[in-house]
Amino acid sequence: MALRIRLQRHGSVHNPMYRLVVAESTSSRDGKFVENLGLYNPSPRGKDVETQINVERADYWLSVGALPSDTAKTVIKKARAAQVKA
């Protein structure tokens, strides 16, 4: 069982929002997942936040061998930078 950290698409047409989840590599994109790590909004409007991710849990899953997708890696990196800045 290979675990991946990846994005699940939610939201509406032309207004995507994503959940950052830990899932088995064989499950479908929007299918079952092991843990929800947070939210990513690529186009925030008004008071919406861009990322809201539990970086500690993401680090835990990375330490036990979960492989992030390219986009998930970038989102986690942005969340880490935002956490340090705040």
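Quick note: the coordinates plus some simple rules give every number you see, no bench work behind them. Computed from a prediction, not measured in an experiment: that's the story for all the values here. Glycine gets a Cβ as well: all are built from the backbone with ideal geometry, and neighbour counts include every protein chain shown.
For the reader, a short list of remarks on this structure follows.
- The share of alpha-carbon pairs in the chain lying farther apart than 23 Å comes to 19%.
- Relative protection proxy for 71-82, 24-35, from highest mean packing down: 71-82, 24-35 (other beta-carbon atoms within 10 angstrom).
- Modelled spin labels at T71 and H10, positioned 7 Å past Cα toward Cβ, are 1.5 nm from each other.
- Integer Hz, Karplus 6.51/-1.76/1.60 couplings in order for the range 2-10, x for Gly and Pro: 9, 9, 10, 9, 8, 9, 10, 7, 9
- The residues neighbouring S63, those whose beta-carbon lies less than 11 Å from its own, together hold a net charge of -1 under the Lys/Arg +1, Asp/Glu -1 convention.
- Charged side chains reduced to their Cβ positions (Lys and Arg at +1, Asp and Glu at -1) give the chain a dipole of some 200 debye around its Cα centre.
- Placing unit charges on the Cβ atoms of the charged side chains and taking the dipole of the chain about its Cα centre, the candidate lying farthest along the positive direction among T74, V21, L62 is T74.
- Straight-distance candidates among the aspartates and glutamates for linking to K78, with alpha-carbon spacing under 15 Å and chain neighbours fewer than 8 residues away dropped: E50, E56, D59, D70.
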